Amino acid sequence: MTNSSIAWTVVSGGMGGMGGAQPLAAAMNDACFLGIELDRARIQKRLDTGYCNRLSTNLDQALDLITDSRQRGHALSVGLLGNCAECSPKWPAASCRMSSPPRPAPTTV
C-alpha cells in the first residue's frame, strides 16, 4: 500500500499470542510497526503467515527500514529480535528518528 502520509509507528513488546496480529493491524491502518521479541520463532511465524514483513536483529537497521518506508509512503512491519529492556535506553534517540514527519509527495502543477 502506498500512502503519502504514513505518520504513525506502533511499537510493541512481544509478537506471540495476543500480540501476533498487531503488525497486520498496523499495516491495515497505514502505519509502520516495530515489534520487539525475544523469540526468533515467534517473529518467523509472523513472517510465514504474512503478518510481518521483515526481521531485523539490530535496532538501528530496524529504524532505518521504518524511516525509509515512511518516507516512501509504505506501511511496513518489522520484527526486531531483542529485549525491550535493552532497547529502552535508546528510545530518546529512536523516537526523534521515528517522529520526524514523512517527506511530502512531489506535486505537479
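In summary, ALA41 fulfils each of the numbered conditions (1) modelled with pLDDT of 90 or more; (2) among the small types (Gly, Ala, Ser); (3) surrounded by 12 or more Cβ atoms within 10 Å (Cβ to Cβ) with the single exception of condition (3). Would you confirm, using the coordinates I've provided, whether THR107 is at pLDDT 95 or above, open to solvent by 40 Å² or more (accessible area, probe 1.4 Å), over 11 Å from the mean Cα position of the chain (by Cα) and of a type outside the set (D, E, K, R)? The answer is no for THR107. As for region 22-35, it holds no residue that is in contact with a Leu (Cβ under 7 Å, 6 or more places away or on another chain) and either in a helix (DSSP H, G or I) or of a type in the set (S, T, N, Q) (or both).
Right, ILE43: assigned to a strand (DSSP E or B) and without any contact (Cβ under 8 Å) to a residue 60 or more places away in the chain or not? Against the criterion (assigned to a strand (DSSP E or B) and without any contact (Cβ under 8 Å) to a residue 60 or more places away in the chain), ILE43 does not qualify. Can you tell me which residue within region 44-57, out of those that are farther than 21 Å from ASN29 by Cα and hydroxyl-bearing (Ser, Thr, Tyr), is surrounded by the fewest Cβ atoms within 10 Å (Cβ to Cβ)? Taking the candidates together, the pick is THR57. Every condition in (1) at pLDDT 95 or above; (2) under 13 Å from ALA7 (Cα atoms); (3) polar (S, T, N, Q) holds for SER56 except the one numbered (2). Only one of the numbered conditions (1) over 20 Å from ILE6 (Cα atoms); (2) surrounded by 20 or more Cβ atoms within 10 Å (Cβ to Cβ) is violated by ALA62, and that is (1). Looking only at region 65-104, which residues are at pLDDT 70 or above, open to solvent by less than 30 Å² (accessible area, probe 1.4 Å) and closer than 27 Å to ALA41 by Cβ? Of everything in region 65-104, those that are at pLDDT 70 or above, open to solvent by less than 30 Å² (accessible area, probe 1.4 Å) and closer than 27 Å to ALA41 by Cβ turn out to be ILE66, SER69, ALA75, LEU76, SER77, VAL78, GLY79, LEU80, GLY82, CYS87.
The values are calculated or read from the model by the stated rules, or taken from the named source; none is laboratory data. From a predicted model like this one, the values you see are computed outputs, not experimental measurements. With ideal geometry, Cβ positions are generated from the backbone for all residues, glycine too; neighbour counts draw on all protein chains shown. Protein only, heavy atoms only, side chains kept; ligands, DNA and RNA dropped before computing areas. Shrake-Rupley method; radii C 1.70, N 1.55, O 1.52, S 1.80 Å.
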